[in-house]
Amino acid sequence: MYKRGIVQVWSLEQPDWHCKIDEGSAGLVASCWSPDGRHILNTTEFHLRITVWSLCTKSVSYIKYPKACQQGIAFTKDGHYMALAERRDCKDFISLFVCSDWQLLRHFDTETQDLAGIEWAPNGCVLAVWDTCLEYKILLYSLDGRLLSTYRAYEWSLGIKSIAWSPSSQFLAIGSYDEKVRILNHVTWKKITEFEHPPIIANPKIIVYKEVEKSATVETQKLSFPPTRELASSLFSIPSKYDISQVPMSLQYIKPVADRANPRIGIGTLAFSPDNCFLATKNDNTPNAIWIWDIQKLKLFVVLEQLCTVNSFQWDPRQPRLAICTGNSKVYLWSPAGCVSVQVPMEGDFQVLSLCWHSGGDTMALLSKDNFCLCYLEREEVK
Amino acid sequence: MGDWKTITVPAPSSVLDSKNTSQYTSEKKMSPSSLNMQQVLRLPLPSSKSTHSFFSAFCTEENVEQSISYLNRELTTLGFPSLYAESKGKELNLISILNCMNELLVLQRKNLRAQEDVEMQHLKLGSDMDHLQNCYAKLKEQLEASKREIVGLQERDRQLQCKNRNLHQLLKNEKDEVQKLQNIIASRATQYNHDMKRKEREYNKLKERLHQLVMNKKDKKIAMEVLNYVGRVDGKRGGWRTDKTEARNEEEMYKALLRDYEQCQKQLLVENAELRKVLQQMKKEIISLLPPQKQKPRERSEDGIGPVLSDLEDDVGELNKENMWELSCETVREQLTNSIRNQWRMLKNHVEKLDNQVSRVHSGALTDKDVISREDHELETEKLELEIQHCKEMIKTQQQLLQQQLMSPCDDDTTVLLQDCYLLEERERLQEEWKLFREQKKNFEKERRSFTEAAIRLGLERQAFEEDRGTWLKQQFLSMTCDSKYLENVKTQSATSGSSDQDNHLMNTRSQQKKPRSLSSVPTSAELCQTIQHTPYSSSPCAISNKTTEESKPNQWEEIYREETE
């Protein structure tokens with residue numbers, strides 16, 4: 001509850017257990033768990049400080065001068081270390097903490113103008129630090145604070161919008177405002193390839209799935225839900241399915257307004273599949289489409305075109321299965337075997353604004369503004 | 001100029017003009033009548049038409065003397081001799097008249113010729129003049145035209161230069177603009193940075209102030225309510241933060257880093273080894289693909305495969321050895337890559353050569369004997385295919401026949417007969433074989449029997465022989481010790497030898513063997529024992545040698561047996 005500055009914690013195993021943290025006049029802007037689940041990091045208003053509340057010892061620690069940026073805190077995958085971006089005297093610094101006892105391990109400055117984000121590699125040994133979008137610059141630091149490499153693709157134009165590490169830490173994908181994704185390799189930290197996102201797809205080897213609306217009369221769906229709900233859902237939304245489009249085809253292209261800040265262009269979201277085989281990207285110039293690239297061949301594999309703008313997508317943590325939501329009451333799943341559009345069976349209007357997979361891989365949570373629902377995926381028996 | 005004919009200019013009309021006379025004479029003081037007369041007189045040769053009239057006009061019957069005197073006067077003034085015979089008399093000198101006439105004619109001819117010449121020259125000059133004038137006119141025109149062209153080209157040149165200058169100017173302008181914009185961008189960037197820093201400092205100051213306020217307030221609200229303490233993840237109690245823990249944390253960090261680097265290195269080594277293996281395989285395959293041309297010295301000139309191949313083989317040997325130890329030093333890597341590159345190049349050359357040959361074959365020019373032309377190749381393949389088909393058909397038919405024989409029911413008489421035939425054949429064959437087999441068996445049994453008999457005999461013989469030997473040796477021993485008994489021994493020996501006649505040759509050999517021994521030195525008892533021991537050993541090879549001669553043995557032994565019995 002950001003406005004009141006209160007964080008409430010409940011236990012899943014002991015329903016009686018309850019914790020309430022009140023920041024008071026300091027205010028609350030952001031709050032997150034530590035990886036061991038025993039500390040809560042609260043960022044106060046105006047990014048004055050970060051308060052680390054410990055649930056084990058009821059102790060408090062303060063971290064001064066945190067940076068107010070998109071991604072200022074990053075935990076390693078194994079949860080041992082935390083990297084925090086700071087800014088003092090108009091210079092950016094990075095502090096590395098050991099999560100077990102919050103000891104400051106390393107503190108070093110970065111060669112950035114205005115740090116926009118940091119992210120650990122999944123192996124926990126390399127930290128990627130990227131600069132503001134006015135400058136295309138990404139710096140790679142090792143765990144002990146040494147600068148390993150710098151990468152700049154071009155000058156003057158708008159730079160990095162988003163990055164993603166591959167699960168094996170072999171590749172670093174950088175999405176930028178020039179509608180390209182550049183992939184660096186972990187041995188030399190040099191670019192190995194670029195992926196372009198043109199609005200016209202001409203290569204006949206690429207499969208394009210286009211979401212089309214099914215005519216309302218065809219109601220012979222084999223759903224295991226009672227018919228009343230089916231009727232109810234069908235009143236509010238028209239079911240849809242995927243069709244394979246003929247290549248060459250062109251995607252819906254939105255020309256951005258030139259004189260506004262933060263234009264909706266460039267590669268806004270990137271995500272690697274957990275088996276390191278696919279990379280899903282979204283170009284904000286064509287916000288209805290998701291591009292899926294085959295990393296083994298470094299080529300475009302599939303393009304999914306939705307009817308509405310894609311809000312978010314996330315890979316299943318266990319398999320190469322992508323779940324997509326576009327703000328309507330459907331959730332879409334893609335895997336190399338095919339793709340499907342699933343209606344969320346809720347009464348009334350349920351707009352799926354975001355989704356989140358369970359780490360086990362068979363469940364996901366679909367979140368709307370005020371509600372959320374859990375979706376269970378049945379595993380098929382392979383005989 | 002051509003021939004110019006003298007055209008006598010006809011005199012103007014018979015009308016005598018004063019002008020005409022003025023042309024010819026300088027005298028102008030003449031009376032009108034005399035003038036008229038003079039005019040008539042001084043007229044040039046008249047035309048044929050008016051000759052008579054002229055002639056009659058000048059001198060008539062009335063004025064003969066006057067005309068003569070006039071003529072005389074004129075001629076004397078011209079330099080001719082007078083017409084009169086004397087200066088006073090009125091008698092005419094005919095000779096002088098004739099001379100004067102002649103002179104006048106000659107003069108007239110000369111004048112005509114001169115006139116002709118002059119006229120010709122005049123005409124020539126006129127034509128030359130015309131020609132020159134034409135040339136002049138043409139040149140003038142050309143000059144005009146070229147002047148105009150020059151002017152036009154100059155105009156164009158000027159225009160192009162203008163354009164060029166304009167474009168240069170534009171380019172310069174653009175460059176200047178770009179430079180300006182870049183400068184503007186740079187300056188704006190610095191300005192923004194400066195402003196940002198200023199604002200940030202202000203912001204930091206505000207934050208500090210706010211921080212102080214917040215800290216100072218010591219708001220009681222800032223608190224955490226928790227029902228109970230939650231245990232730590234690893235179940236241990238929290239520890240104080242000391243130097244030791246700090247050092248441990250550092251250590252942990254470095255360990256994690258090292259672990260990662262080691263893993264990376266291991267992966268890279270594995271990949272490296274795999275790639276090297278692949279390269280080695282490729283190298284071997286390439287070597288095997290290349291034709292074995294190193295024996296031909298001629299090939300050296302073409303692409304020097306010979307020495308390179310031998311070098312390569314050396315390299316291969318070396319590299320194989322080295323790679324066994326998996327060295328990763330620079331030189332090995334370089335050698336490997338260089339050798340693969342060389343081989344690949346050779347393979348490429350070879351393939352190109354083959355391609356050229358194939359293309360030549362396509363075009364029809366077959367020069368290389370080694371290359372089989374495509375048509376031949378195709379023919380051969382067709383032949384082979386036909387053969388294969390034939391064979392397949394044959395196999396099929398045979399299979400069918402076999403199947404028929406195996407599977408067909410017994411109602412068919414012919415098949416039964418056939419079966420019987422086959423069976424009979426087989427039976428006969430079997431019987432023959434049985435016969436052979438029985439004969440052989442019999443033979444073998446006979447031989448076995450004979451061998452057993454022979455063996456028995458041999459055994460008996462051996463026994464007897466052994467006994468004899470034993471006695472002989474005893475005798476010898478005794479003879480050696482005392483000579484007196486020698487004779488007896490000899491007797492006994494002769495007795496035994498008589499019985500053991502069969503072993504004469506054997507004995508002889510043995511005695512020959514032993515003689516040198518006995519003669520050479522007086523054997524000691526040990527040596528005798530040795531000889532006694534040796535003899536059974538030496539007998540065995542002899543016995544074996546005897547046994548090996550299987551065929552002759554039974555006869556031999558039969559003879560011996562017979563001798564023995566005798």
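What residue among A:C19, A:C125, A:C277 has the largest mean-square fluctuation in a Gaussian network model of chain A, using Cα springs under 10 Å? Of A:C19, A:C125, A:C277, the Gaussian network model singles out A:C19 as fluctuating most.
Compared with the direct C-alpha span, the chain from B:L125 to B:N338 gains 67.3 nm at full extension, assuming 0.36 nm per residue. Pairs of Cα atoms nearer than 8 Å and 6+ residues apart set the relative contact order; for the stretch A:1-64 it is 21 percent. The packing ranking of peptides B:242-250, B:381-389, highest mean first, is B:242-250, B:381-389, where packing means the average number of other beta carbon atoms within 10 angstrom of each residue.
Rounding to the nearest 10 and keeping the result within 0 to 90°, find how far the Cα-based axis of helix A:227-236 lies from the longest principal axis of chain A. The angle comes out near 80 degrees. Taken along its three principal axes, the alpha carbon spread of the stretch A:245-357 comes to 44, 41, 29 Å, from the longest extent down to the shortest. Computed over the stretch B:107-229, the percent of Cα pairs more than 24 Å apart is 77. What a 1.4 Å probe finds exposed on the stretch A:1-64 is 53% carbon and sulfur by accessible area, rounded to a whole percent. Cβ-Cβ distance of B:R165 and A:E155, R₀ of 41 Å, FRET efficiency by 1/(1 + (r/R0)^6): the value works out to about 0.75. Report the FRET efficiency, 1/(1 + (r/R0)^6), for A:F372 and A:E111, where r is their Cβ-Cβ distance and R0 is 60 Å, rounded to 0.05. Calculated transfer efficiency: 0.90. Measuring r between the beta carbons of A:K91 and A:S168 and using R0 = 22 Å, the FRET efficiency lands at 0.05.
Ranked by solvent-accessible area (1.4 Å probe, protein heavy atoms only, all chains present), the residues B:H194, A:H107, A:H47 order from largest to smallest as B:H194, A:H107, A:H47.
Suppose a student asked you for the relative contact order of chain A, using Cα pairs under 8 Å spaced at least 6 residues apart; what percent would you report? In percent, rounded to a whole number, it is 7.
Extending 7 Å from the Cα toward the beta-carbon at both B:E445 and B:M215 defines two label points whose distance is 12.5 nm. The residues of the stretch A:122-136 occluded by other protein chains by 40 Å² or more of accessible area, set against the chain on its own, are A:C125; surface from heavy atoms, 1.4 Å probe.
The packing ranking of peptides B:468-481, B:126-139, highest mean first, is B:468-481, B:126-139, where packing means the average number of other beta carbon atoms within 10 angstrom of each residue. Ranking B:Y261, A:Y2, A:Y177 by solvent-accessible area of protein heavy atoms (1.4 Å probe, all protein chains present), from largest to smallest, gives A:Y2, B:Y261, A:Y177.
Of the residues making up the stretch A:4-38, those losing 30 Å² or more of accessible area when the isolated chain is joined by the remaining protein chains, with a 1.4 Å probe, are A:W17, A:K20, A:D22, A:S25, A:R38.
Taking chymotrypsin sites (Phe, Trp or Tyr not before Pro) across the stretch A:95-174, the ones in a DSSP loop with at most 15 further Cβ atoms lying within 10 angstrom of their Cβ are A:Y154, A:W156. Rounded to the nearest 10 square angstrom, B:V214 shows an accessible area of 20 square angstrom against a 1.4 Å probe.
Peptide A:143-149 shows a mean partner chain C-beta count of 2 within 10 Å per residue C-beta. Buried surface between chains B and A: roughly 4200 Å² of accessible area, summed over both sides, computed with a 1.4 Å probe on protein heavy atoms only. Applying the Kirkwood pairwise sum to the alpha-carbon positions of chain A produces a hydrodynamic radius of 22.9 angstrom. Backbone phi angles across the stretch B:60-77, fed through the Karplus curve with coefficients 6.51, -1.76 and 1.60 (θ = phi - 60°), yield HN-Hα couplings of 10, 5, 6, 9, 6, 5, 5, 5, 4, 4, 5, 4, 4, 4, 4, 5, 5, 5 Hz in residue order; Gly and Pro are listed as x.
Converting phi to 3J(HN,Hα) with the Karplus coefficients 6.51, -1.76 and 1.60 and the offset θ = phi - 60°, the stretch A:332-343 yields 10, 10, 10, 9, x, 7, x, 9, 9, 10, 10, 7 Hz in sequence order, with x at every glycine or proline. Counting only heavy atoms of the protein chains and using a 1.4 Å probe, B:E445 has close to 80 Å² of accessible surface. Rolled with a 1.4 Å probe across the full set of protein chains, the surface gives B:T337 an accessible area near 50 Å². Residues in the stretch B:110-208 average 92 Å² of solvent-accessible surface per residue, probe 1.4 Å, ligands and nucleic acids excluded. In this structure the amide hydrogen of B:Y84, modeled in the peptide plane, comes within under 5 Å of the amide hydrogens of B:N93, none closer than 5 places in sequence on its chain. One chain, two ends: B:R156 and B:L384. Fully extended at 0.36 nm per residue, the span grows by 74.1 nm beyond their Cα-Cα distance.
Taking the alpha-carbon centroid of each part, what is the distance from the stretch B:243-294 to the stretch B:415-461 in angstrom? Here the two parts' Cα centres lie 73 Å apart. Summed over the residues of chain A and divided among them, the accessible surface reaches 49 Å² per residue at a probe radius of 1.4 Å. With contacts taken as Cα pairs under 8 Å and at least 6 residues apart, the stretch A:295-368 reaches a relative contact order of 26 percent. Springs join every pair of Cα atoms under 10 Å in this Gaussian network model of chain A, and among A:V342, A:V257, A:V181 the largest mean-square fluctuation is at A:V257. Between the amide H of A:Q113 and those of A:T132, distances stay under 5 Å, these residues lying 5 or more places away or on another chain, with hydrogens modeled in the peptide plane. Across all directions, the average projected area of the convex hull around the alpha carbons of the stretch A:1-64 is 4.5 nm².
Once backbone amide H atoms are built at 1.01 Å from N, A:R49 has A:T44 as its partners under 5 Å, excluding neighbours fewer than 5 places away on the same chain. Each residue of the stretch B:177-182 was assigned a 3J(HN,Hα) from its phi angle through the Karplus curve 6.51 cos²θ - 1.76 cosθ + 1.60 (θ = phi - 60°); the sequence is 4, 4, 4, 4, 4, 4 Hz, with glycine and proline shown as x. Contact with the other protein chains removes 50 Å² or more of accessible area, compared with the isolated chain and a 1.4 Å probe, from these residues of the stretch A:155-194: A:W156. Legend: distances between Cα atoms for A:K67/A:K297; A:K3/A:K58; A:K255/B:K163; pairs beyond 28 Å are A:K67/A:K297; A:K255/B:K163.
Build a GNM of chain A with springs between Cα atoms under 10 Å apart, and of A:P263, A:P15, A:P204 the one that fluctuates most is A:P15.
Taking 20 Å as the limit for the C-alpha separation, the pairs A:K180/A:K299; A:K20/B:K207; A:K210/A:K282 exceed it in the case of A:K20/B:K207. Per-residue shielding of B:206-214, expressed as the average number of other chain Cβ atoms within 10 Å of the residue Cβ, stands at 4.
The values are calculated or read from the model by the stated rules, or taken from the named source; none is laboratory data. None of the values given here were measured: they were computed from a predicted structure. Here Cβ is always computed from backbone atoms with ideal geometry, including for glycine, and neighbour counts include all displayed protein chains. For accessibility, only protein heavy atoms count, side chains too; no ligands or nucleic acids. Shrake-Rupley method; radii C 1.70, N 1.55, O 1.52, S 1.80 Å.
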